[in-house]
Amino acid sequence: MTDKKQITVLQLYPRDMNIYGDWGNTLVLKRRLEWHGYDVNLLAYNPGDTFPHDIDLIVGGGGQDSGQDIIQNDLLKIAPHLRKLADDNVPMLMICGLYQLFGKFFKTQDGHVIEGIGLLDIETHAGAERLTGNIITESDVFGEIIGYENHSGQTFLGKNVHPLGKVVKGAGNNGQDDTEGARYRNVIATYMHGSLLPKNPAIADFLIEQAIVRKYGTFTPTVIDDRFAELARSVASKRPR
Amino acid sequence: MSKPYVTLLGKAVRTIARIRGGGSALPGLFVEKIDPDFIRRTLAELPHGTVVISGTNGKTTTTKMVVALLESQGLKVFTNRTGSNFTRGVAAALLGEVDNKGKLDADIAVLELDEAHAVHFVKTVPPHYSLLLNVMRDQLDRFGEIDTTAKMLSQIANATTGTVVLNREDPRVAAIAKSLSADKVHYFGLSSELAHLFPSDDDMRSTTTAPKQLQRPDAGVILNKLKDNQAEFLVEGKPLTTSLKLHGIYNIYNAAAALALARCVLPAEHDKEKLVTALSEVTPAFGRGETLTVNGQPFELVLVKNPSGFRLSLASFKPKDYATMIAVNDNYADGRDMSWLWDVEFESLRAGGVAAVTGMRAYDMALRLQYDEIEMSLVEPDLSSALRQFIAASDGPKRVYCTYTAMLALRRELAKITDVEQIS
């Protein structure tokens, strides 16, 4: 029996929503929590499962259209749990497909409306062209955020969310208003993968800190060697789109 | 422009490109521009028509095997063996083979084609046969989604005038049969004993095994058993055992694919003994588990392009006694997005560590290994410098996992110190 403090991380739909290396985000949270001195209880939630209790951090990824069809109804079913946790300041990271479905709706090319859970005040409209390539954004909280985007949906933010970053290079939420991603309380949602957290340890440690402070009151970080992350960021920021 | 002129001009460009040391695609691009009908017209004259081989992983090795199998039966085969699998690569290969009147001395063409290019190619040149290997997440920066790739393969199948050979074990490939008349479809497959070694893309992050199809169609060729390089196939239910020079489970499964296709092309009374001999003698395609000799020791080049390929390679090649280098570039041909590295698990390298990490995205790769808690002795983005240090650091056998353009660059560097087969 260990006397280490434990953090429970829930992966949302890892079977159907994992397309662009989303495992990287989960792995980074798991390892950094361990390196900071915590035990990690890693759970997976797939359609039809019982929604678990006592969750400290939630991470969700992107999917293909077919994956989104599979999870959509289930997501609507667990939406009350997710909204309650978000309003209770549980940190969450939602990438791409789940970013869209955490919003109000996704309107497809032929006008069909896919209902989201409305946790985020955003709406997404199918775009004619895919927005793909290396992307850099700037955030007041996290500094430069570096990643890769690959999406056809164009997302527009409402009044109750803030953008995660301002686009420096790339398309961002919709290719028009220079916003990228969305924040609501401790929920961070974004189109950026690459994967996001390995090259942006500031965001990883933010999510970790929120989870730990919420559960245990204080967080004393360890120094983690982020040399490779720094070098990888520097190279990525100079690569062609 | 008349045909002989196009051919002569194209050949001239090809010669100049070779003298310059340039790639294989430029002369093909040239011919494509001035005579778009060149490929169709030339291939239309072949008595046995054209075979198209496509899918995410294993195209080059499978194509090489199909060529060897057909040649063992006396057929003259035209192929694009450079692995330049875009349409212009085919045009370039044709230029090298046709006589000055533009005639191709061959019975059949066996072409590996990139999925997206194959879709356009088959509109111009409907193949007599197609062989569709698998659909895995790869180049999503080009294709967007895996299901998009599956649709491309379906278009190839539907443009095929004769037989379509499908991988029974890949759910996205097997599903293509629904759009085809049943007499057109043949399958290759795995025994249930081996099936678990080939997770489909849907099993990538699944903790539970996806429910297998209850009723699987019969497959003409099945990879039944495998022990080291000794494989047993079931051909129409009859066992066929042979040793192979290919390494890696996935390469040997490709042999089942090649056999299945060859059996469709060949007459029923073909020489089975020669067929097996040919199969046993096929060596890996360049950079696909190719073994060079450096300082008297084996030096293996293993091409990795996507998570499933990298995972299967790590499962196939045991790291014990080998020093490992990983070379990751992010040129257009490699894919710009590094996300795929996070869908590969590297724990199998933990015991021995990784001797060197290199390539344009060396730091992304190092970051990936850091999170799997794997020791690295050297992280150096410059390929030639890393290669020199990697070779100098130990005396034993070596293995390099490399992305496409990193592989080409490493072969150029290695050619300075050892024998490397030139790929024109």
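The values are calculated or read from the model by the stated rules, or taken from the named source; none is laboratory data. What you see is a predicted model, and the numbers here were worked out from it, not measured in a lab. Cβ atoms come from the backbone with ideal geometry, glycine included; neighbour counts cover every protein chain shown.
Give the residue that is surrounded by the most Cβ atoms within 10 Å (Cβ to Cβ), with candidates limited to residues of the stretch A:209-241 that are touching a Pro at 6+ places or on another chain (Cβ under 8 Å) and more than 14 Å from chain B (Cβ to nearest Cβ). Full working, then the answer.
So the first thing to find is which residues in the stretch A:209-241 are touching a Pro at 6+ places or on another chain (Cβ under 8 Å), and the list is A:209-211, A:214, A:224, A:226, A:229, A:232, A:235.
From the residues that got through so far, the ones that are more than 14 Å from chain B (Cβ to nearest Cβ) too are A:209-211, A:214.
Numbers: A:Glu209: 16, A:Gln210: 20, A:Ala211: 26, A:Arg214: 17.
Applying the filter and picking the extreme gives A:Ala211.
Looking at the stretch B:97-155 only, could you name the residues that are aliphatic (A, V, I, L, M) and under 16 Å from B:Ser308 (Cβ atoms)? Working first, answer last.
So the first thing to find is which residues in the stretch B:97-155 are aliphatic (A, V, I, L, M), and the list is B:98, B:104, B:106, B:108-111, B:113, B:116, B:118-119, B:122, B:125, B:131-133, B:135-136, B:140, B:146, B:150, B:152-153.
Hits for the stretch B:97-155 are B:Leu132, B:Leu133, B:Val135, B:Met136, B:Leu140, B:Ile146, B:Ala150, B:Leu153.
Determine whether the stretch B:342-349 contains at least one residue that is outside the structural domain of B:Glu115 (by TED's automatic domain parsing) and either over 24 Å from B:Asp201 (Cα atoms) or among the β-branched types (Val, Ile, Thr) (or both). Yes - at least one qualifying residue is present in the stretch B:342-349.
Kindly check whether there is at least one residue in the stretch A:151-159 that is closer than 30 Å to B:Asp330 by Cβ, within 17 Å of the chain's Cα centre (by Cα) and of a type in the set (Gly, Ala, Ser).
The first filter runs over the stretch A:151-159 and keeps only residues closer than 30 Å to B:Asp330 by Cβ, leaving A:151-155.
From what is left, the residues that are within 17 Å of the chain's Cα centre (by Cα) are A:151, A:153-155.
If we keep only those that are of a type in the set (Gly, Ala, Ser) as well, we get A:153.
Checked the stretch A:151-159: at least one residue is closer than 30 Å to B:Asp330 by Cβ, within 17 Å of the chain's Cα centre (by Cα) and of a type in the set (Gly, Ala, Ser).
Which condition number does B:Ile417 fail, the rest of (1) in contact (Cβ under 8 Å) with a residue 24 or more places away in the chain; (2) out of contact with any Phe, Trp or Tyr (no Cβ under 6 Å at 6 or more places or on another chain); (3) under 27 Å from A:Arg32 (Cα atoms) being met? Among (1) in contact (Cβ under 8 Å) with a residue 24 or more places away in the chain; (2) out of contact with any Phe, Trp or Tyr (no Cβ under 6 Å at 6 or more places or on another chain); (3) under 27 Å from A:Arg32 (Cα atoms), B:Ile417 violates only (3).
Among the helices (runs of 4 or more DSSP H) lying completely within the stretch A:191-238, list those that include at least 1 residues that are more than 14 Å from A:Leu29 (Cα to Cα), among the charged types (D, E, K, R) and touching a helix residue (DSSP H, G or I) at 6+ places or on another chain (Cβ under 8 Å).
Working: elements: A:196-199, A:201-216, A:227-236.
Qualifying helices (runs of 4 or more DSSP H): A:227-236.
Exactly one residue out of A:Ile78, A:Ile19, A:Ile95 is in contact (Cβ under 8 Å) with a residue 24 or more places away in the chain, farther than 30 Å from B:Lys151 by Cβ and of a type in the set (Val, Ile, Thr): that is A:Ile78.
Note on the stretch B:64-94: residues that are part of a helix (DSSP H, G or I) and within 26 Å of B:Thr283 (Cβ to Cβ) total 13. Residue count for the stretch B:155-175 under the criterion of being within 22 Å of A:Asp16 (Cβ to Cβ) and away from chain A (no Cβ under 14 Å): the result is 4.
Just a yes or no: is a residue in the stretch B:309-323 within 13 Å of chain A (Cβ to nearest Cβ) and of a type outside the set (A, V, I, L, M)?
Narrowing the stretch B:309-323 to residues within 13 Å of chain A (Cβ to nearest Cβ): B:310-311.
In the following step, the residues that additionally are of a type outside the set (A, V, I, L, M) were identified as B:310-311.
Looking for residues that are within 13 Å of chain A (Cβ to nearest Cβ) and of a type outside the set (A, V, I, L, M), one finds at least one in the stretch B:309-323, hence yes.
Checked against the criteria, B:Val328 does not count as under 21 Å from the mean Cα position of the chain (by Cα) and more than 11 Å from B:Leu383 (Cα to Cα).
Could you run through the stretch B:132-149 and say how many residues are under 22 Å from B:Val265 (Cα atoms) and either touching a Lys or Arg at 6+ places or on another chain (Cβ under 9 Å) or free of Cβ contacts under 8 Å to residues at least 60 places away in the same chain (or both)?
Initial filter on the stretch B:132-149 (under 22 Å from B:Val265 (Cα atoms)): B:132-134.
Narrowing further to those that are either touching a Lys or Arg at 6+ places or on another chain (Cβ under 9 Å) or free of Cβ contacts under 8 Å to residues at least 60 places away in the same chain (or both): B:133-134.
Residues flagged as under 22 Å from B:Val265 (Cα atoms) and either touching a Lys or Arg at 6+ places or on another chain (Cβ under 9 Å) or free of Cβ contacts under 8 Å to residues at least 60 places away in the same chain (or both) within the stretch B:132-149 amount to 2.
Considering only the stretch B:354-366, I want to know if a residue exists there that is over 26 Å from the mean Cα position of the chain (by Cα) and over 30 Å from A:Gly62 (Cα atoms). Explain how you work it out, then say what you get.
Of all residues in the stretch B:354-366, those over 26 Å from the mean Cα position of the chain (by Cα) come to B:355, B:363, B:366.
Filter once more, so that each one left must be over 30 Å from A:Gly62 (Cα atoms): B:355.
The answer is yes, given that some residue of the stretch B:354-366 is over 26 Å from the mean Cα position of the chain (by Cα) and over 30 Å from A:Gly62 (Cα atoms).
Scoring B:Leu104 on the criteria (1) assigned to a loop (DSSP other than H, G, I, E, B); (2) surrounded by 23 or more Cβ atoms within 10 Å (Cβ to Cβ); (3) among the hydrophobic types (A, V, I, L, M, F, W, C) leaves a single failure, condition (2). Are any residues in the stretch A:126-143 touching a residue at least 40 places away in the same chain (Cβ under 8 Å), surrounded by 15 or more Cβ atoms within 10 Å (Cβ to Cβ) and assigned to a strand (DSSP E or B), and if so, which ones? Listed by number, the residues that qualify are A:Gly127, A:Leu131, A:Gly133, A:Asn134, A:Ile135, A:Ile136, A:Thr137.
Each row is one residue, and each column tells you yes or no for (1) surrounded by fewer than 16 Cβ atoms within 10 Å (Cβ to Cβ); (2) at pLDDT 95 or above.
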residue	(1), (2)
B:Ser313	no, no
B:Asp334	no, no
B:Asp343	no, no
B:Thr358	no, yes
B:Ala362	no, yes
B:Glu380	no, yes
B:Leu387	no, yes
B:Ala392	yes, yes
B:Ile423	yes, no
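Out of A:Lys238, A:Lys199, A:Lys215, which single residue is free of Cβ contacts under 8 Å to residues at least 24 places away in the same chain and basic (Lys, Arg)? Can you show your working first?
Details: A:Lys199 fails: free of Cβ contacts under 8 Å to residues at least 24 places away in the same chain; A:Lys215 fails: free of Cβ contacts under 8 Å to residues at least 24 places away in the same chain.
Answer to the selection: A:Lys238.
Of a type in the set (Asp, Glu) and within 14 Å of chain A (Cβ to nearest Cβ) - does that describe any residue in the stretch B:350-367?
First, the residues of the stretch B:350-367 that are of a type in the set (Asp, Glu): B:364.
Narrowing the set further to residues that are within 14 Å of chain A (Cβ to nearest Cβ) leaves B:364.
Yes, that holds for at least one residue.
The set of residues in the stretch A:145-183 being surrounded by 20 or more Cβ atoms within 10 Å (Cβ to Cβ) and within 14 Å of another protein chain (Cβ to nearest Cβ) consists of A:Ile146, A:Gly147, A:Tyr148, A:Glu149, A:Asn150, A:His151, A:Gly153, A:Gly170, A:Ala171.
If a residue must be within 21 Å of B:Ala159 (Cβ to Cβ) and either part of a helix (DSSP H, G or I) or in contact with a Ser or Thr (Cβ under 7 Å, 6 or more places away or on another chain) (or both), how many such residues does the stretch B:169-192 contain?
Taking the stretch B:169-192 as the starting set, the residues that turn out to be within 21 Å of B:Ala159 (Cβ to Cβ) are B:170, B:172-188.
Now restrict to residues that are either part of a helix (DSSP H, G or I) or in contact with a Ser or Thr (Cβ under 7 Å, 6 or more places away or on another chain) (or both): B:170, B:172-179, B:182-184, B:186.
Of the residues in the stretch B:169-192, 13 are within 21 Å of B:Ala159 (Cβ to Cβ) and either part of a helix (DSSP H, G or I) or in contact with a Ser or Thr (Cβ under 7 Å, 6 or more places away or on another chain) (or both).
Any residue that is away from chain A (no Cβ under 14 Å) and within 26 Å of B:Pro199 (Cβ to Cβ) - is there at least one of those in the stretch B:329-338? No: zero hits. List the residue pairs whose Cβ atoms are under 8 Å apart, where the first residue sits in the stretch B:104-120 and is farther than 12 Å from B:Thr50 by Cα, the second is assigned to a strand (DSSP E or B) and of a type in the set (Asp, Glu), and the two are 6 or more positions apart or on different chains. Taking only residues 6 or more apart or on different chains, not a single pair turns up.
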